[in-house]
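Before any comments, here is the structure.
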Amino acid sequence: MKVLMLTSSYPIEGSPLGPFVRNVVRGLTWQGVEVGVLIYSTKRKFSSYSMDGATIYEYPYALFTSPSLHTHRGLIPSVKNSWLARLQVPGYLASTSYHLLRIVKGYDIIHAHWYLPSGFFACLLKPLHRKPVVTTAWGAEFHLPNNLLIRRMLSFVHNRSDAVVAVSKYMKDKAHEYGLNTQQMTVIPNCIDISHFSLPRKKSGKIIIGTARRLVPEKRVSDLLEAYAKLKSGGTELWILGDGPQRSRLERISKELGITQTTRFMGMVPPDDVPSYLSQIDIFVNPSVQEGMATANIEAMAAGCVVVATNGYGNDEVMTHGVDGLLYEGKNPAMLASLLSTLAADARKRMKISEKARKESTRFSFGHTARAYLLLYKANTALIERTLKKY
């Protein structure tokens, strides 16, 4: 079986974007599937090469100006924030269409990641490529404005795809809010390479509380700073891994709260270095109120961290409160502070939850997720003939 992944995020050129898509690719190649990945690039020329057992196809979209669709960690944020990125959209549309139709000839199925823009492209060009389309909703598409235009675009992709996947039950429910019929929607969770995060725990003499995420408003890192400032236990440090437009504001807040001496802003950490940092973090906090299913939670659990996350947003599908993690109501720094204080003062409880978390994280190995996708592909191989006859 040959599967072409169409995605707008993938960890190429040192990019931290789309590691969860890469995990699916690695799992599928491990299962013997021949995988190609089609991704737009900042390069001026088309290139193809092998990576993780898959063939990566990088194609250009801006030949005469500096590529700007990568400047804000994703296509949609870039278009929202950059006039030059908006000017480059027509070139992106034309280049994506051309390269998709050219490359897909050698593949059996198109697997589009995100309804927009990849799923839209794959479904719009279906009369020309005549291949079955599987579309995965990772989360961002169901946090867009719920207006008529967005609903119609999402509905077009949803109804024209031969199979649709949500990464959590929460995302499936969100799809329903946009008027989509989710009865035939399959839930296949995010996955990670468990072995990559199974490093020995490192002791520093201090209790390290940390988070790893993009510093944007919806990730609510300010709640973590406020909660940390309320901690009654000494001997702690706060590590914030990641970067983003809110960094200067968050640094200012930490100064106002008087916690700069024990708070470290690490900046963007290369993906390959994240496991080493997680092996030193005792308590990992995810204060976000916008997720599909946070891969960061699973990575932290696999690393043996005690994860404290907002209740809902797919987090309650990953962990059970009080067993292999802790959940709290989002936008509630006081409740978060209480949980952090309890954990910081109880080493035995931290150890017990840590051990349970590591065991539970194995449910999300890329092998398990890849097998689920492979079953979905095989269930839809009959669609190849049906699709060819339809157009």
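Can you give the convex hull volume per residue for the Cα atoms of segment 194-363, as a whole number of Å³?
About 100 Å³ per residue, rounded to a whole number.
Sort 208-219, 251-262 by packing, meaning the average of other beta carbons within 10 Å per residue, with the highest value first.
Ranked from most to least packed, the peptides come out as 208-219, 251-262.
Sort the following peptides by mean Cβ neighbour count (other Cβ atoms within 10 Å, averaged over residues), highest first: 302-311, 141-150.
302-311, 141-150
Taking only Cα atoms, what is the 0 to 90° angle, nearest 10, from helix 366-379's long axis to the longest principal axis of the chain?
Taking the Cα atoms of the chain, the angle to 366-379 is about 30 degrees.
Pop the C-beta distance of residue 44 and residue 149 into the FRET formula with R0 = 25 Å and round what comes out to the nearest 0.05.
For R0 = 25 Å, the calculated efficiency reads 0.15.
Over 24 Å between Cα atoms, which of 203/349; 172/356; 331/359; 126/174; 203/359 qualify?
Checking Cα-Cα distances, 172/356; 331/359; 126/174 exceed 24 Å.
Check which residues have an amide H placed less than 5 Å from residue 57's amide H, if you skip close sequence neighbours.
37, 38, 39
What is the distance in Å between the Cα centres of segment 92-160 and segment 262-277?
Their Cα centres are 34 Å away from one another.
Go ahead and run the numbers for FRET between residue 345 and residue 98, Cβ-Cβ distance against an R0 of 56 Å, rounding to 0.05.
It comes out at approximately 0.40.
Amide H to amide H, which residues 5 or more places from residue 288 or on other chains are under 5 Å from it, using H placed in the peptide plane?
The list, which skips near neighbours in sequence, is 310.
Based on Cα coordinates alone, diagonalise the gyration tensor for segment 8-137, multiply each eigenvalue by 5, take square roots, and list the semi-axes in whole Å, largest first.
For segment 8-137, the ellipsoid semi-axes come out as 23, 17, 14 Å.
Run through the DSSP bridge list for the chain and note the antiparallel percent, rounded to the nearest 5.
10
Counting only the backbone N, which residues of segment 243-278 are under 19 Å from the spot 7 Å out from the Cα of residue 203 toward its beta-carbon?
The answer is 277-278.
For n ≥ 4 DSSP H runs only, could you compute -39500 (n - 2.57) per run for the chain, divide by its residues and tell me the 222 nm figure to the nearest 500?
-11500 deg cm²/dmol
Of all alpha-carbon pairs in the chain, indicate the percentage at a distance above 28 angstrom.
Tail fraction, whole percent: 47.
Based on the mean of other Cβ atoms within 10 Å per residue, sort peptides 194-206, 156-168 so the most packed one is first.
156-168, 194-206
Can you give the angle from 0 to 90° between the axis of helix 89-103 and the longest principal axis of the chain, with both taken from C-alpha atoms, to the nearest 10?
70
In whole percent, what relative contact order does the chain give with Cα contacts below 8 Å and a gap of six or more residues?
Relative CO of the chain lands at 16 percent.
So in segment 194-363, what percent of DSSP beta bridges are antiparallel if you round to the nearest 5?
5
Between residue 156 and residue 334, what is the label-point separation in nm under the 7 Å Cα-to-beta-carbon projection?
With each label point 7 Å from Cα toward Cβ, the separation is 4.8 nm.
None of the figures in this text is laboratory data; all of them are computed from the coordinates on show. What you are looking at is a predicted structure, and each value in this text was computed from that prediction instead of being measured. Neighbour counts are summed over all protein chains in view; Cβ atoms, including those assigned to glycine, are modelled from backbone coordinates with ideal geometry.
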